[in-house]
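The values are calculated or read from the model by the stated rules, or taken from the named source; none is laboratory data. Note that the structure is a prediction, hence the values are computed from the model and not measured. Neighbour counts are summed over all protein chains in view; Cβ atoms, including those assigned to glycine, are modelled from backbone coordinates with ideal geometry.
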Amino acid sequence: MRLPIPMRAGGGLVALAVLAISLFLGVDPSMLTGGGDASYPSDAPAVAPPASDATAQFVSVVLGSTEDTWPALLARHGVQYPQPELVLFDGQVRSACGFQSAAVGPFYCPPDSRVYLDLSFFRELDREFGAPGDFAQAYVIAHEVGHHVQNVLGTSSQVDARMRALPEAQANALSVRQELQADCYAGVWGHHAAQRGLLEPGDVEEGLRAAAAIGDDRLQARARGYAVPESFTHGSSEQRVRWFRQGLSAGDPAACDTFAASSL
C-alpha cells in the first residue's frame, strides 16, 4: 500500500473466543466486556506507543487518508464530517465507553468520537489470524472509522436504542447489520484510496483475507469447534467479504444500507 501522505494526528465462551469476537470492532466494547475491565484501577494511565513506532506512524497516515475521503462524500448529502480522534495505547486505556484492556482489540467509542487502537492487535492479525499485510491493517482502521461515520449520521444511537428493546437474538442480528455496514464503509474508503493511487497489487486481497479471517463463524469454530449463528454480532466471513466488496465496487456510502437489505 502506497501512503505518500505526511503523518498527522487523526482527528459463555472461553477467553480466546471473547478476545477473538471482540477483536473486530464492536461499537461499544463494554457490550462484550460488561463495561470496562475491573482488573484495572480506574486511575491507571493509558500507555501510548512512542511516536517513532513505525506501526503508529502507519496508523496515523491511514487515518489521514480516511480524512481525505469522508468529508467530501458526506458533504454530497449535506452532512458535515467532524474528524475522529485517534488514541493509540498499549495494554489498557480509559475511554468514555469504560476502562478497556487490550483484550477488547480495536474499538470505536461513540460518546467521545475516538478510535482506539492497541497496536499489538496488528501482530495478532498476522500471527494468529493469518491476515498479514499493511492493507489488512488499513482495513481494520477503516472499519473503525466506518463506525465513526455511523455515529456522525446518527445510525449508532438509533441502533443502540433499538437493540436495548430487543431480545438477545434479534439484537445480535441488528448488531450484525451495523458491523457489516462498517465493513462496507471500509470498502468505500478503499475504493477512493485506489482512485488516488494508494493501493498496490495484492492490497485488496489482503483486506479480503482480513474480513474473512475474523468472521464470527470462523472465530467461534476456532474457539469451540462449532458456530452458533444466532449469537453472531459481526457477521460471517462470507458476509463480511461481501459487504467489503460492495463498498470497494460502489465507492458510495449509499450502497451500504445493510439495514434495508433483504439478505446479507
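Pairs needed: first member in the range 68-84, within 20 Å of residue 144 (Cβ to Cβ); second member anywhere, among the charged types (D, E, K, R); C-beta distance under 6 Å; at least 6 residues apart or different chains.
Every condition considered, the pairs that remain are 83/67.
Being touching a His at 6+ places or on another chain (Cβ under 7 Å) and surrounded by fewer than 18 Cβ atoms within 10 Å (Cβ to Cβ) is the filter here; which residues of the range 160-181 pass it?
Here is the first cut: in the range 160-181, the residues touching a His at 6+ places or on another chain (Cβ under 7 Å) are 176, 179.
None; the set is empty.
Taking residue 116 and the conditions (1) in a strand (DSSP E or B); (2) surrounded by fewer than 24 Cβ atoms within 10 Å (Cβ to Cβ), which numbered condition does it fall short on, given that it satisfies the others?
Residue 116 satisfies all of (1) in a strand (DSSP E or B); (2) surrounded by fewer than 24 Cβ atoms within 10 Å (Cβ to Cβ) except (2).
Between a first residue in the range 182-202 that is on the phi < 0 side of the Ramachandran plot and surrounded by fewer than 19 Cβ atoms within 10 Å (Cβ to Cβ) and a second residue that is part of a helix (DSSP H, G or I) and among the acidic types (Asp, Glu), which pairs have beta carbons less than 9 Å apart while being 6 or more apart in sequence or on different chains?
Listed by first residue and then by second, the contacts come to 194/203.
Can you tell me which residue among 250, 227 is surrounded by 14 or more Cβ atoms within 10 Å (Cβ to Cβ) and closer than 16 Å to residue 142 by Cβ? Step through it out loud before you land on a result.
Values: 227 fails: closer than 16 Å to residue 142 by Cβ.
After applying the criteria, what remains is 250.
Looking at 131, 136, which is the one that is buried (at least 19 other Cβ atoms within 10 Å of the Cβ), of a type in the set (A, V, I, L, M), modelled with pLDDT under 95 and part of a helix (DSSP H, G or I)?
Only one candidate passes the filter, namely 136.
Considering each of 200, 179 in turn, give the residue that is acidic (Asp, Glu), in contact with a Lys or Arg (Cβ under 9 Å, 6 or more places away or on another chain) and in a loop (DSSP other than H, G, I, E, B). It would help to see each step written out before you state the result.
Details: 179 fails: in a loop (DSSP other than H, G, I, E, B).
So the residue among 200, 179 that is acidic (Asp, Glu), in contact with a Lys or Arg (Cβ under 9 Å, 6 or more places away or on another chain) and in a loop (DSSP other than H, G, I, E, B) is 200.
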